[in-house]
1. Please indicate, with yes or no, whether at least one residue in segment 145-160 is surrounded by fewer than 19 Cβ atoms within 10 Å (Cβ to Cβ) and at pLDDT 95 or above.
2. I need the full set of residues from segment 254-270 which are more than 25 Å from the chain's Cα centre (by Cα) and either of a type in the set (Lys, Arg) or farther than 16 Å from Thr223 by Cβ (or both), in order please.
3. In segment 406-415, how many are in contact (Cβ under 8 Å) with a residue 12 or more places away in the chain and not in a helix (DSSP H, G or I)?
4. For segment 312-334, enumerate the residues that are surrounded by fewer than 22 Cβ atoms within 10 Å (Cβ to Cβ) and either charged (D, E, K, R) or farther than 29 Å from Ala418 by Cβ (or both).
5. Within segment 68-167, considering only helices (runs of 4 or more DSSP H) that don't extend past its boundaries, which have at least 1 residues that are under 22 Å from Leu373 (Cβ atoms), over 19 Å from the mean Cα position of the chain (by Cα) and not polar (S, T, N, Q)?
6. Kindly evaluate Gly225 against the criterion of being touching a residue at least 12 places away in the same chain (Cβ under 8 Å), outside any loop (DSSP other than H, G, I, E, B) and surrounded by fewer than 24 Cβ atoms within 10 Å (Cβ to Cβ).
7. Of everything in segment 27-54, what is of a type outside the set (D, E, K, R), closer than 28 Å to Ala315 by Cβ and surrounded by 13 or more Cβ atoms within 10 Å (Cβ to Cβ)? Give them in sequence order.
Amino acid sequence: MTTIDEVRKTLGGKPVLLVAPGDAGFDGVAPVVFAGDGAEPALVARPRDVGEVSAVVRAAAATGVPFAVRGGGHAYARYGTVAGGLVLDLRLLGGVQIDPERRVGIASAGTTAGDYTGAAAEHGLATGFGDTLSVGVPGLALGGGIGYLSRRDGLTLDNVLGAEVVLADGAVVRASDDENPDLFWALRGGGGNFGVVTRLDLRLTPMTVVTGGLLAFAPDPRTVGALLAAAAAAPDELSLMVNVMKAPPAPFLPAERHGTPIVVALVCHSGAPEDADAALAPLRAAGTVLVDLVRPQPYPDLFGLAPSQAGMWPAQRTGFVQTVVEDVAAQVIDAVRTAPTPVAVLNLRPMGGAIARVPRDATAFAHRDREVLATVGALGPDGGRVAEARDWVGRTADALGLGGAAYVNFVADPGAGAGDAYPPATLRRLQAVKRQVDPANLFRSNLNVLPVEEPAPARA
């Protein structure tokens, strides 16, 4: 009897939908968003309620089968799958409830940012996520969540009010400031290390029309620093992301720019519309504008700016910088020009504002004092060029000085350890919670916090 046979036997007559290689529908549910080595799971369990989630978790623990939990499937390191093992696929546990009176949104385990944002918008409300509609809400929130509303409202995890969690022994618990507060602290920034989150309660804020969109600039190194300086001086209502990137073949860009370096700012002003032009003026003055698509629009429409990355092979490195000085920006622009992949980008997300006002030890996200989240990425459809792409990412990240602290949600190296993302004091506290709720490390297909006494050394 194989381990997978043991899983089936352990589940017994429970009505969990199980899909194995060769079954109808397997090829549609087994892959995650990003391409990888092609190894597939031996079994995908698709629960439809929290009781079935608990049953699958207990079966995984009892059999010792390699185990992964899949939500939106957007982890760059492909944490949502495991070769020859059991995948717990949460996508059938969709559903959003919006309570406009209490301004609380409830996201089930399979809810995407698009599902939730659309439902909240019907009531003139929003919770800030990142910049992609198809990402799963729980996975995003457990690692951080920095996007269009972050400087005004904080990270997504700062707006988590409570969670329902299935622990490694199958127990279903509630985590909040008042119930299991240590677990609640760890969930907000500790990723999927502590259990399966089957429900999140999230704070909603009023949001209808924003002034936002895309500004594309000629590839002048001075523009990068000017945009970051403008962001640092901007009101909290202005959030933006800056990309130094290969221009995509988008119809709004001149054809002669396609495939060549450009600087792009994705902006969102969520304050009073009459204040938008003044807030945006320093951004528009940052360089030679090629395209200006910034306009008043419904908040959900901003998410249409993010391209699909499904099926791409990712190479990526993430960290934090204070700024990007002119000579480094020039190096990055030159690097983008010669990158080996069709998608090559330095993504910069200015922090500050409400992010920085949360006490550093209030959650497991311990990078509140950082100025800019920086990520170097290379993505392409050809798996044969992954090594070349990784070399390019490494050289470009080194030029930026990326090292030490990393952002959990953007880690792409499956071999990375928790010491790469958390300061020692934060990691020790996470390990203490891990020993309480998952001492056997069932939940390890993630940026893994080990249930040990001493933290692994942080990357220099």
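The values are calculated or read from the model by the stated rules, or taken from the named source; none is laboratory data. Only a predicted model underlies this, so the values are computations on that prediction, with no experimental measurement involved. Virtual Cβ from ideal backbone geometry, glycine too; neighbours counted across all protein chains shown.
1. Narrowing segment 145-160 to residues surrounded by fewer than 19 Cβ atoms within 10 Å (Cβ to Cβ): none.
No, segment 145-160 has no match at all.
2. Pro254, Ala255, Glu256, Arg257, His258, Gly259
3. Kept after step one, since they are in contact (Cβ under 8 Å) with a residue 12 or more places away in the chain, are these residues of segment 406-415: 406-414.
Subset that is not in a helix (DSSP H, G or I): 406-407, 411-414.
Adding up the residues that qualify gives 6.
4. Listed by number, the residues that qualify are Val325, Glu326, Asp327, Ala330, Gln331, Ile333, Asp334.
5. Working: elements: 113-121, 137-143, 150-153.
Where helices (runs of 4 or more DSSP H) fall fully within segment 68-167, none carries at least 1 residues being under 22 Å from Leu373 (Cβ atoms), over 19 Å from the mean Cα position of the chain (by Cα) and not polar (S, T, N, Q).
6. Numbers: touching a residue at least 12 places away in the same chain (Cβ under 8 Å): yes; outside any loop (DSSP other than H, G, I, E, B): yes; surrounded by fewer than 24 Cβ atoms within 10 Å (Cβ to Cβ): yes.
It is true that Gly225 is touching a residue at least 12 places away in the same chain (Cβ under 8 Å), outside any loop (DSSP other than H, G, I, E, B) and surrounded by fewer than 24 Cβ atoms within 10 Å (Cβ to Cβ).
7. First, the residues of segment 27-54 that are of a type outside the set (D, E, K, R): 28-36, 38-39, 41-45, 47, 50-51, 53-54.
Okay, now just the ones that are also closer than 28 Å to Ala315 by Cβ, so 28-36, 38-39, 41-42, 44.
Across segment 27-54, the qualifying residues are Val29, Ala30, Pro31, Val32, Val33, Phe34, Ala35, Gly36, Pro41, Ala42, Val44.
Conditions tested, residue by residue: (1) crowded, with 17+ Cβ neighbours inside 10 Å; (2) more than 23 Å from Glu237 (Cα to Cα); (3) in contact (Cβ under 8 Å) with a residue 60 or more places away in the chain.
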{"position": "Leu346", "(1), (2), (3)": "yes, yes, yes"}
{"position": "Ala378", "(1), (2), (3)": "yes, yes, yes"}
{"position": "Glu388", "(1), (2), (3)": "no, yes, no"}
{"position": "Trp392", "(1), (2), (3)": "yes, yes, yes"}
{"position": "Gly401", "(1), (2), (3)": "no, yes, yes"}
{"position": "Gly404", "(1), (2), (3)": "no, yes, yes"}
